[in-house]
Each structure stands twice: as structure tokens, then as C-alpha cells.
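Inspection log for the structure reproduced underneath, given as C-alpha cells.
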Amino acid sequence: MISVAEAIEIVRQQTVKLSTEHVAIDQVLGRVLAVDVVADSDLPPFDRSQMDGYAVRAEDVKAVPVRLRIVGESAAGRGWHNQLDEGQAVRIMTGAPVPAGADSVQQVELTHELKDGTVVELLETVELGKSIVKRGAEIKAGEVVLNAGTVINAAMMAVLAAFGYANVEVFRRPRVAVLATGTELVSVDQKPGKDQIRDSNNYSISAYACLAGATVERMPLTGDETALLKTQIANAAERCDLIVTSGGVSMGVYDVTKAALKELDAEIFFERVALRPGKPTVFARLPNGTLVFGLPGNPVSVAVTFNLFARTALLTMQGATDPTLKRETAALARSVKGTADRDSYLPAQLMTNDDAELIAFPLKWGGSSDFVAFALTTALLIVPANLKSIEAGSLVTVLRLT
């Protein structure tokens, strides 16, 4: 049995980056950059006004009130491209270019126009450089704006557009096949009979995989037949980069996943992790290079092990700089219990108090099958092995799920 940290490191070492492709900008949200994004121009590309008002020379507004002659107007997309001289002002709008000769902008609320808009009276002095963003103040042409390996979020879309990235080089999406084992499982559209339950793992795994940037194919249920599971895995491997199974990985008679993998000549990297929940987790590679994760059957174990291990593999495939869950420190809202020989990853909700401190609230749950309680989880709270308990108020490590 290996530690969680060792298992994650093995996953990263055994996972190979996928090829790259060029994708239209409106299709890249959530994708991983394969190249650095470089500014092709200064930003802003000119001295820019931060507000509506008047572009002036600060020297002309040392003694107020003062009247200046309005000689033009500069609007966004339609600047005034002449020289501003002593005693003059240019009416200016937010985002517009500041004309040559002007060194300050006085906001319109502190002014008053006279004589049919040909003269403006400034009622207060103006500081040199006030309300002007200088050319290149945000970034200069040739500088790296976003690094390769960055997962593109909504805010980054503006960056791509501003610097002309109509097509963006990103890593290919991993192709993932998901299949569940267990004769007790029936499809979601069926009413379970005696001793049966609806399949839920296929849907949670598919959702987590999509959030990690993958395209997903859900395979038919396989029951507990080694031969059928072997066939399904072999078929999926022909078109997929990664396969995720759930169930069939413990030590019982009907735990068929490892048997199927061995018959397929898979190289098994680990099959037990010092983790609660999720100890019987399998990670393997088929002869053609397709990776396989055999996750436990209980829904909470599935969620925990997928996010620790399979998610790491998917983001590593896509070249993400940091493919692991975000690690933070929080204050514990109430005491929790640990396990002697395994790290515990417990469901929790993260909130902030009035002092903006991060607080972890452990959720009450009935174990690794309690997917209803786990549905409210926003983070995993880590209790290291051999700690009997952690008291309320202590600082703990948490991994964000959302």
C-alpha cells in the first residue's frame, strides 16, 4: 500500500502529454494553452483617459477657477490628433486617447462649460498625470501575458481577443471511456428490482471528467463478468486515451477489474492506496498506452479517487502546469476523527467568516456510500494518518473541488 502523495507522483510520471491543435477562440474556454500568449502591442496602445472630462495641461490649472478654450473632442475610437497648447482644453471621453500636449484629465463634474461649448471653466486644480493610464502601463508588446499550461478561464478570453488570438493552440481534449461493474446495477431509466440499485457512478465520473476537459463516452454496464469487462476495456482502448471503471477492485470473488487487466497484459502501477475512502484504487496502462483507473464502487470513494488521481492524469495529458487540486489552509469548524493507517479525505464545505478567514465545515456523512451528503461537498479535508482526531479551531489542509 502506497501513500496518496506517492500515487499522485506515479500518475504524473506515467502520463504523457497529448498532441496540440489550433481551435477558434470561441471554443477554447476550459482548454489548456499549449504555447505562451504574447502581447502584439502595448496595452493600452496610447495614453488613455480613465474618465469623462477635459484633457488639459496641469500647469494651466494651478490657480482656479480658470477658463480654457475648448479646441476639440477626443472620443473612444475617434481621437483628437493635434497638439494641445497653453490655455487650451480638449473634451475627452472614458477610454479615449489623450492628445499630445495634455498631461492630465479633469473629471467633468469639476468643470462647467460656457459660451455655447467653446470655453470650459475648471473649478479645482488637477494633479499632473491625473486620470491618465500611460501607454504600455498594463503590458508592453512582446511580453508574455499567459503561460503555456494555463487552463483558460472566462477572464482570459478578453486577453486572447485583445491580442489577436483568433485561433489558439491548445492541447487536444483527452478521450475518456467510463464503465461500471456490478450485477446489482441497472440503468438510470429503470426501476431497481430486489437487491438492485441505479447506476450513479457513470454519471458522476462523466461529469468530473468533463470538468477536467475530457470528452466522455459512457459504456454499457458490464455486470461482474471478467470476459465482458475485458472485451469492453479492449474495445474502448482502441479509441480512448483513458478508461475509468468503477467497482470490482477489492479482494472479493466478484472483483473482476484486476483480473481483466491482467488478462489484457496491462502494467499495474498500484492497486492499493493508504486513503480513506478509496483504498482499493488501481492504476494501470494497457500495451497500446491507454491508461486505466479502476476506482472503488462506492460513490464517495469514486468522487475522491477520481479527483485525486484520474483528474491529475487528464490535466497532465493536457499539459496543465498544476494538474492537482488546489491546496489551501482553513480553520476547522468542528472536530474530526482520523484513521490509524491511512490519510482521510473527508467531505467539507468551505466558507469565509466576517474577517475573511477560510473556515472548513466537515459534513456529517454515513461513509463512502453516502452520495447524498457528499453532494454538498465543496472541498476535501485532509486528516493525516495516525491522527486520532483534530480539534475544532485547528488549521487543516483542504483541497478545493469547486
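The values are calculated or read from the model by the stated rules, or taken from the named source; none is laboratory data. Bear in mind that the values here come from a model prediction, so they are computed numbers and not experimental data. Every residue, glycine as well, gets a Cβ built from its backbone with ideal geometry; the counts of neighbours run over all protein chains shown. Side chains included, ligands, DNA and RNA excluded: accessible areas come from the protein's heavy atoms. Shrake-Rupley method; radii C 1.70, N 1.55, O 1.52, S 1.80 Å.
Key figures
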read-out	value
Those residues of region 363-372 which are over 17 Å from MET351 (Cβ atoms) and open to solvent by less than 60 Å² (accessible area, probe 1.4 Å), in sequence order	GLY367, SER368, ASP370
Residue ID - surrounded by the most Cβ atoms within 10 Å (Cβ to Cβ), chosen from residues in region 265-278 that are over 18 Å from GLU9 (Cβ atoms) and touching a strand residue (DSSP E or B) at 6+ places or on another chain (Cβ under 9 Å)	PRO277
Region 138-187, residues that are β-branched (Val, Ile, Thr) and either assigned to a strand (DSSP E or B) or more than 25 Å from ASP322 (Cβ to Cβ) (or both)	ILE139, VAL144, VAL145, VAL151, VAL168, VAL170, VAL176, VAL178, THR181, THR183, VAL186
Total residues in region 383-402, condition free of Cβ contacts under 8 Å to residues at least 60 places away in the same chain, open to solvent by 20 Å² or more (accessible area, probe 1.4 Å) and either under 23 Å from SER200 (Cα atoms) or within 28 Å of the chain's Cα centre (by Cα) (or both)	2
Candidates ALA39, ALA63 - the one that is exposed (fewer than 15 other Cβ atoms within 10 Å of the Cβ) and not basic (Lys, Arg)	ALA63
Scope region 233-246; condition under 29 Å from the mean Cα position of the chain (by Cα) and either buried (at least 20 other Cβ atoms within 10 Å of the Cβ) or modelled with pLDDT under 95 (or both); matching residues	ALA236, ALA237, CYS240, ASP241, LEU242, ILE243, VAL244, THR245, SER246
Single residue of region 209-232 satisfying the filter (assigned to a helix (DSSP H, G or I) and open to solvent by less than 50 Å² (accessible area, probe 1.4 Å)) that is modelled with the lowest pLDDT	THR226
Residue in region 105-136 that is most open to solvent (accessible area, probe 1.4 Å), counting only those that are out of contact with any Ser or Thr (no Cβ under 7 Å at 6 or more places or on another chain), in contact (Cβ under 8 Å) with a residue 40 or more places away in the chain and part of a strand (DSSP E or B)	GLU113
Hey, VAL4 of a type outside the set (Lys, Arg), surrounded by 15 or more Cβ atoms within 10 Å (Cβ to Cβ) and closer than 23 Å to ASN153 by Cα or not	no
Matching residues in region 309-323 - criterion: being open to solvent by less than 40 Å² (accessible area, probe 1.4 Å) and out of contact with any strand residue (DSSP E or B) (no Cβ under 8 Å at 6 or more places or on another chain)	THR312, THR316, PRO323
Sole exception among (1) at pLDDT 95 or above; (2) farther than 15 Å from ALA55 by Cβ for GLY95, by number	(2)
Enumerated strands (runs of 3 or more DSSP E) restricted to region 38-103, each holding at least 3 residues that are in contact with a strand residue (DSSP E or B) (Cβ under 8 Å, 6 or more places away or on another chain) and free of Cβ contacts under 8 Å to residues at least 60 places away in the same chain	66-74, 88-92
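Conditions tested, residue by residue: (1) modelled with pLDDT of 95 or more; (2) among the charged types (D, E, K, R).
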residue	(1), (2)
PHE293	yes, no
VAL300	no, no
THR324	yes, no
ASP354	no, yes
TRP365	no, no
ALA373	no, no
LEU380	yes, no
LEU387	no, no
VAL398	yes, no
